[in-house]
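Worksheet: the structure to be examined is printed underneath.
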Amino acid sequence: MVLYNLPYVAVVVLTIIGLGTIVLKQNLIKIFLGIMILESAVNLFLVSLGYREGGIAPIYTNAPDRVMVLPTPQALTLTSIVIGVATTALLLSFAIIIWKKYGSIEIGFLRRLKE
Amino acid sequence: MKKVLVAAIFLVWAAGLCTIPLFLSFGDPAATDMDTYFIRTGQAAAAANNIVTSIVFDFRGFDTLGESVVLFTAVTGVALMFRARKEGEEHEDE
Amino acid sequence: MIAYLVTFIMALLLYLVFSAGSGTLWLWSPSELLAGVLLALLTAAVAGKVLCRGKDYRMANPVRLLILPVYLLGPFFIEVTRANLDVAYRVITGKIRPGIIRVPSGMRTDLGAFLLANSITLTPGTITVDIGEETNDLFVHNINVPEGWETRSSVEARKLFWLANIPAWIRRIAE
Amino acid sequence: MTVPFDIAVFILLVLVCLALVRLVLGPTIADRAVAVDTVNTLVVAALIVLGVVYQQIIFIDVAIVYALLSFVSTLYVAKYIGGEL
Amino acid sequence: MDMLFTLDTGTGFWNPLLWVLGTAVAGVIAVFLYSLGERGYKKGTAQTEPFISGNPEPEKGLVHVRSGNLYWGFLDAMDGYYRRLVPLHTGDLDDYVLWYMGITALFFIVVVVFR
Amino acid sequence: MIPAFVVENSPALMIIVPFVAAFIAPFAGRAKPAVRALVVGGAMAITSAITLLLASDVYAHGTRLYVFGAQAATLAVPQDSGGIPVRIMFTVDPMSALMLVITAIAAFAVVIYSLTSERHHSGLGSYYTLFLLMVTGILGMVATGDIFNFFVFLEILSIASAGLIAFRIDGGVAVEAAIKYFVLSTIGALAILVAIGIYYGEYNALNMALIAQRMQFTLLDQLALVLIIAALAMKCGAVPMHFWTPDAYSMAPSSITALLVVASQASLYGLFRTVFSLYNITLNAACVGWLIIILGVLSMVVGVTMAIPQKNVKRLMAYHAVSQTGYMLLGVGVGLAVLDNQPLLEAFGYMAMEGGIFHIINHAMYKGLLFLTAGAIFFRIGTYDLNKMGGLGHSMKWTMVFFIIGALAIAGIPPFNGFASKLMIYESVFVFNPVLSVIAMVVSILTLASFVKVFHSIFMGPVLPEYKDVREVPGPMLAGMGILALVVIVFGLFPSLVVETLVAPAAHALADQGMYIAAVIGGGA
Amino acid sequence: MIESLIQLAVIGGLIVSAILVYSFKDLLAAALAAGFFSFLVSLEFYILQAPDVAISQAAIGAGLTTAIFIIAIRATTRFEGETP
Amino acid sequence: MIAEFLVVACLVIGTTFNCLGIIGLLRFPDVYTRMHATTKMTTFGSVFTALSVIIYGASQFIGTGDGQYITLSLHTVLAALALAVTNAIGSHAIARGAHRSGIMPAQAVIDRLAEVPP
Amino acid sequence: MRMSKIVRTGACILYPLIIIFGLYVVVHGHLTPGGGFQGGAVIATAAALVLVAFSHEEIAGMVRKAFLSAQESLGLLLFIGAGILGLLAGAPFFANILANSGLLFGLPVPPGPNPGDLNTAGVIPVMNIAVGVEVWGGLAIILVYLFSATGGERT
């Protein structure tokens, strides 16, 4: 059973690792790497939702005549991947500006706004 | 104290997420009526062999517009970050 | 102008290879051909200046392009096999005698240096570590420096190989 | 006919996991980059073979994308550690 | 017409017309009180100048009560409350994420227990 | 007069027009900034007009559907699909229409304001692009009937907001606020995506009405519910997760802050839509209702008490925004808590929901107005620090008038609109639980006290020597504030009109899940 | 059976590389590990019969994301915990 | 039959060389020698793996006459070529970067590059 | 700074190859795995390759910010225009009116597994190309902007 559900187990573990990286690390770039892991975990979750045992990819070009996996999650995942790269790029440019202005990208130094 | 709290939060998250592998069966999705519709009629309706593409651009084309706009938004944001400054524009926002 | 033409032809050929088998049996359908021409034009417009930066159009010569597969499948393949067996032997036994030696390549063009360096990287127990910008001298890391080479200031490229005269082949292709 | 391909894929993936050891141990960045580069190659091989396992011709395109693009990140690392970026 | 302006809340109601009426009454009262005042003052004489026990009048900008000095009594009285509350606003991104995750976890427990 | 084409396709045009304007805005201003102003202002005006047209149509004829890419725009379910909607659709019911009205008014006022207020800065092409995209994100979020599309528009909104919050990069502090906001909203959006995946995995549906029809409230649904409501509550700034709010609100340009308020209302809309339309009575209404009520009460109390000692005027207003969000959560939460009890719902539940929803529209107006006045003051004196201000009432009379209107409205003084909605909340919540009502009243008093302080320290007192030659802000900025002030006064003077025509249909549409499903699928539930 | 073993190998690699991303102090190494992670995620997509997503992840994860991370590391700092 | 034998033989050769490459990667003392193992042997092994697919496609084409197997073979050829070129460039770049960052070859009998001023 | 001669030559040779492959992925989006986004990302990676092989001062003439940003907007306008096409034809926004019409990309496809033909799928290839152009410009310009931040001393 557990072996059968492997991708979902991986999703859970990766989500926890990603969240842990975000929460327990101080470095901004490390946090962004954590966000990347989290995004990958969610994408993996979406894709594994659509997998059907013994199915083939939902493309009729030169396909063998077998049952197909569900196509919708793959479409959703494509959108999600684009959003992920857009997010990462914007966050990294923020980090560069922070480095220029503050001289540090540790979370402990990003505390000029508080109370 | 804080460490215990953090550990507890992570434990609850892990437990909550573990409902996914426990209650969703991998490889045998529960209801498939929408996707069956796509696989059955997608090829004829969108005239595309690749069902994923026909979903991305036809059935859910509006999402793809949003997705492209997300990328455009991010690029605009990056451009805003590295923009050339005007003379004497500096102002302190403290 | 020639640069764009070379890029166009190259891109078109590559596109045709990619889309082979799209037509009735293993020819191409007309729409594929049309798309190939248009996309190759686009590629030429974008990448024409980049591909032929050195104003070096020798590779546009079809004879040289025909020699390239012969070289890859003939002497190069033999050398690769021999090199791999050699390195396999060293992996298993652990007998190594590494060192970085200087190899004057004798190539005048960038493309020649590129091909020779990649051949050296892939073939005998050697990896190109650096290349002189003006002199085209290669600095080669050798996993097993033969006795006596450590005293020489430089080693000919020919001597790195086993059977075939790889530099000569490359000169035939690229110069 | 696809059974040998299946076994080959499995061996390749085990090798990927072994390369992970070098990624963990590697004393310098260069060692890690070498490990990642190796994994690229192995994954491309695995992708090609899996395309045959699934009897899907069009899957090979993924392998080409991989083979063409995976070394770009290696180049970035190399440029960084060479002090040229 | 009256229906249009009455907001009926089930147990009470609110009508702007009544408010206008109330304002008018208050205005009348204000005018009345104003008319009771002393009329003997004349502008431009020493009668209208402030008398600070003979001390010189400070400059106008200095007598303005700045915002930091307002409500100090309230803040002083609520000191215990603020001493607990303000340090929670650490300005630390990790804490922000942790609060979010903690609330999610709490919600999960509550929703699952009391489903 | 208005072509039928526009009316029929108004949901699509509402999105298309700002998108196209956003795509050409970076280039429009290359040669002359006036061209850009024309493009952006014109596009925003057209969008607002179309949006109001759509909303009026919805109020007149009931829920509007718009199916993207189908053969007929209003045919939700294809003939051969076995009775399920498969394409993306916009489902504009009265609740969505209300949010559309809010967004249209606020965005139009803000764009008029910011055409002048930001003219001295660089990067204006990107600024207006992001501005339009942000408005479009809000419009899409509130109009969509597809849950994944909701996520996409949420991301557009988040990314555009993050870029705009970091607009003033000089001190670096704005970028810090943007990072905090963006990391949190990314994590929240990913949580929502997981929830969407769970719905998809269980019911093979992405359409909200279809999910609602098939909802069973299993353990997985509970997980999805928790992920969604926590993420959206975080994005609307409910209290234990409100920390990003003052940072982001205080560091963004003021016009953007006014729009961020609307954005947080859109997240609130998503929260309500999830709880009411997606789950409705399948969940334990009392439990989730009380969760939302507690969030609301915490938001009210903590927000207002944190606001009092603030020294930065925008930070103070941001904490008040948190506090006012609490009112909405309280009102709608009370409605949710009695959702499965029809008599109680009739007795005071609908009234509480109407109060909460009316407060959404009121808050967007007066808080937007307040932020715009703060921006006007910054435009002239270059600081937000209350300790450095004083005596501005002598020179900035119109700004002072607008500030007074906004401050009295937020404090719930009659006859402004804040009073009407707060009255509805007090009275209906008093029937439900008197303690909550009393807390709400006390919070309102503290709000008044806090704004008296702000008013005193900004406008009262003698003219400070350093602000001797301060003048009134330019006309367009006053016009932007004036629109919002006008709305505040009109809504305050005719609350019953607004409640009966706009708010009550919205509240009933929100509470009535069957109607929502029937509008999409036909004969559902 | 062998499919399960293949999945086990890929997922084991995924988890280990994610932990590596967490634990490396050197951000460059962490970015490399993230690149490794991206490869394996892409392979997993491929195994789950999603070639569209696999291409997408390969192009983004293998090429671009690692590249922009390394550029950002170059523009900021290489080691975790560096303070002014 | 011959085709099947060839396919299996190529697969065996390919995986064997890949295995040896990984062993070398784990066993050798420094980055340059590790690169010898990986660059050459995994490239060689992967190309042989690809070769098996090419042979498979060709044999299927001869057997069935279906044009898609030509596509399979051609695309695999391209993938293998791309692999060889990119691997060579990549390993050269890493070697150069490593040398410039100051990693000296271990147990080296000679290092001519270190004598050249940068 | 630029990388060594070998890398530069290799990058120059690979650049058109990757571009043509990316374009292949773009236009075959409705037949094979891939599509606008994937192809655009592949081409953008080619730009990343050239950017890393040369110094970015040297490459400034080849990849210009204004050009790329115009390209991005153009792609998006094309995309939304392909959606508006449906609106103009009397159908809703994003209706696929070109499919099975016999016009450009208008051939019908036979049901079931088939080798596929480029000239099918109606408006989908148009959108693929539009998205490809947009993503190419967008991702490349992100790289260019980030590269412009890498000056200054190393830490």
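The values are calculated or read from the model by the stated rules, or taken from the named source; none is laboratory data. Since we're looking at a predicted model, the values are computed, not measured. Glycine also receives a Cβ, built like all others from the backbone with ideal geometry; neighbour counts cover every protein chain displayed.
With respect to F:TYR127, is the statement that it is buried (at least 24 other Cβ atoms within 10 Å of the Cβ), more than 17 Å from the chain's Cα centre (by Cα) and more than 9 Å from chain A (Cβ to nearest Cβ) true? Taking the combined requirement at face value, the residue satisfies it.
The residue pairs whose first member lies in the stretch E:100-115 and is closer than 15 Å to F:HIS242 by Cβ and at the interface with another protein chain (Cβ under 7 Å from one of its Cβ atoms), whose second member is modelled with pLDDT of 85 or more and loosely packed, with under 15 Cβ neighbours inside 10 Å, and whose beta carbons are closer than 8 Å, counting only pairs six or more residues apart or on different chains, are E:GLY102/B:LEU5. How many residues, within the stretch E:95-115, are crowded, with 22+ Cβ neighbours inside 10 Å and within 33 Å of the chain's Cα centre (by Cα)? Here the count works out to 4.
Matching residues to (1) surrounded by fewer than 17 Cβ atoms within 10 Å (Cβ to Cβ); (2) farther than 14 Å from E:GLY102 by Cβ; (3) more than 9 Å from chain E (Cβ to nearest Cβ):
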{"site": "B:ILE9", "(1), (2), (3)": "no, no, no"}
{"site": "B:GLY16", "(1), (2), (3)": "no, no, no"}
{"site": "B:ALA30", "(1), (2), (3)": "yes, yes, yes"}
{"site": "B:ASP33", "(1), (2), (3)": "yes, yes, yes"}
{"site": "B:TYR37", "(1), (2), (3)": "no, yes, yes"}
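Note on the stretch I:77-115: among residues that are of a type outside the set (A, V, I, L, M), outside any loop (DSSP other than H, G, I, E, B) and at the interface with chain F (Cβ under 10 Å from one of its Cβ atoms), the one that is nearest to the chain's Cα centre (by Cα) is I:PHE79.
Residues checked against (1) away from every other protein chain (no Cβ under 14 Å); (2) out of contact with any His (no Cβ under 6 Å at 6 or more places or on another chain); (3) buried (at least 24 other Cβ atoms within 10 Å of the Cβ):
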{"residue": "F:ALA22", "(1), (2), (3)": "no, yes, yes"}
{"residue": "F:LYS32", "(1), (2), (3)": "yes, yes, no"}
{"residue": "F:ALA37", "(1), (2), (3)": "yes, yes, no"}
{"residue": "F:PHE68", "(1), (2), (3)": "no, yes, yes"}
{"residue": "F:LEU98", "(1), (2), (3)": "yes, yes, yes"}
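Note on the stretch H:1-48: among residues that are basic (Lys, Arg) and within 18 Å of D:LEU20 (Cα to Cα), the one that is surrounded by the fewest Cβ atoms within 10 Å (Cβ to Cβ) is H:ARG27.
What do you reckon, is A:TYR51 within 17 Å of B:SER25 (Cα to Cα) and facing chain B (nearest Cβ under 9 Å)? Spelling it out, A:TYR51 is indeed within 17 Å of B:SER25 (Cα to Cα) and facing chain B (nearest Cβ under 9 Å). For first residues located in the stretch E:78-99 and of a type in the set (Asp, Glu), partners that are in a helix (DSSP H, G or I) and lie 6+ apart or on another chain with Cβ distances below 7 Å form the pairs E:ASP92/A:ILE107; E:ASP94/A:VAL23; E:ASP94/A:ILE107. In the set (1) closer than 26 Å to F:ALA106 by Cα; (2) in contact (Cβ under 8 Å) with a residue 40 or more places away in the chain; (3) polar (S, T, N, Q), F:SER496 fails one condition alone, (2).
Among the residues of the stretch D:66-75, not a single one is without any contact (Cβ under 8 Å) to a residue 60 or more places away in the chain and farther than 23 Å from G:THR65 by Cα. Please work out if A:ILE35 is surrounded by fewer than 24 Cβ atoms within 10 Å (Cβ to Cβ) and in contact with a Lys or Arg (Cβ under 6 Å, 6 or more places away or on another chain). No: the conditions fail for A:ILE35.
Flag not set for C:LEU73, criterion: over 17 Å from C:ALA174 (Cβ atoms) and at pLDDT 80 or above. Looking across H:LEU74, H:LEU83, H:LEU78, H:LEU20, one residue alone is over 26 Å from I:THR45 (Cα atoms) and part of a helix (DSSP H, G or I). It is H:LEU20. Among the residues of the stretch H:90-107, are any out of contact with any Ser or Thr (no Cβ under 9 Å at 6 or more places or on another chain) and over 29 Å from I:LEU14 (Cα atoms)? So far as the stretch H:90-107 goes, yes, one or more of its residues are out of contact with any Ser or Thr (no Cβ under 9 Å at 6 or more places or on another chain) and over 29 Å from I:LEU14 (Cα atoms). With respect to B:PHE59, determine if the residue is within 27 Å of F:ASP221 (Cα to Cα), in contact with a helix residue (DSSP H, G or I) (Cβ under 9 Å, 6 or more places away or on another chain) and either small (Gly, Ala, Ser) or crowded, with 24+ Cβ neighbours inside 10 Å (or both). Against the criterion (within 27 Å of F:ASP221 (Cα to Cα), in contact with a helix residue (DSSP H, G or I) (Cβ under 9 Å, 6 or more places away or on another chain) and either small (Gly, Ala, Ser) or crowded, with 24+ Cβ neighbours inside 10 Å (or both)), B:PHE59 qualifies.
Residues checked against (1) modelled with pLDDT of 85 or more; (2) under 24 Å from A:THR79 (Cα atoms):
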residue: B:PHE10; (1), (2): yes, no
residue: B:ALA14; (1), (2): yes, no
residue: B:CYS18; (1), (2): yes, no
residue: B:PHE26; (1), (2): no, yes
residue: B:GLN43; (1), (2): no, yes
residue: B:LEU71; (1), (2): yes, yes
residue: B:VAL75; (1), (2): yes, yes
residue: B:ARG83; (1), (2): no, no
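Residues of the stretch G:1-29 that are under 20 Å from D:VAL34 (Cα atoms), in contact (Cβ under 8 Å) with a residue 24 or more places away in the chain and part of a helix (DSSP H, G or I): G:VAL10, G:GLY13, G:LEU14, G:LEU27, G:LEU28. Within the stretch F:492-524, the residues that satisfy the criterion of being within 14 Å of another protein chain (Cβ to nearest Cβ) and in a loop (DSSP other than H, G, I, E, B) are F:PHE494, F:ILE521.
Across the stretch C:131-147, a minimum of one residue is classified as touching a residue at least 12 places away in the same chain (Cβ under 8 Å), of a type outside the set (D, E, K, R), more than 8 Å from chain H (Cβ to nearest Cβ) and in a loop (DSSP other than H, G, I, E, B). Within the stretch A:63-95, being farther than 19 Å from A:ASN43 by Cα, facing another protein chain (nearest Cβ under 7 Å) and either of a type in the set (D, E, K, R) or within 18 Å of the chain's Cα centre (by Cα) (or both) holds for A:ASP65, A:LEU90, A:LEU91, A:LEU92. With respect to (1) within 14 Å of chain I (Cβ to nearest Cβ); (2) at pLDDT below 85; (3) closer than 29 Å to A:PRO64 by Cβ, the lone exception for G:PRO51 is condition (2). With respect to the conditions (1) more than 20 Å from A:GLY84 (Cβ to Cβ); (2) aliphatic (A, V, I, L, M); (3) more than 7 Å from every other protein chain (Cβ to nearest Cβ), G:ILE19 falls short on a single one, namely (3). Could we say that F:ALA449 is in contact with a Lys or Arg (Cβ under 9 Å, 6 or more places away or on another chain), over 29 Å from F:SER117 (Cβ atoms) and assigned to a helix (DSSP H, G or I) here? Criteria not met by F:ALA449. Can you confirm whether F:ALA45 is crowded, with 20+ Cβ neighbours inside 10 Å, in contact (Cβ under 8 Å) with a residue 40 or more places away in the chain and farther than 19 Å from I:LEU88 by Cα? So F:ALA45 does not fit the description; no.
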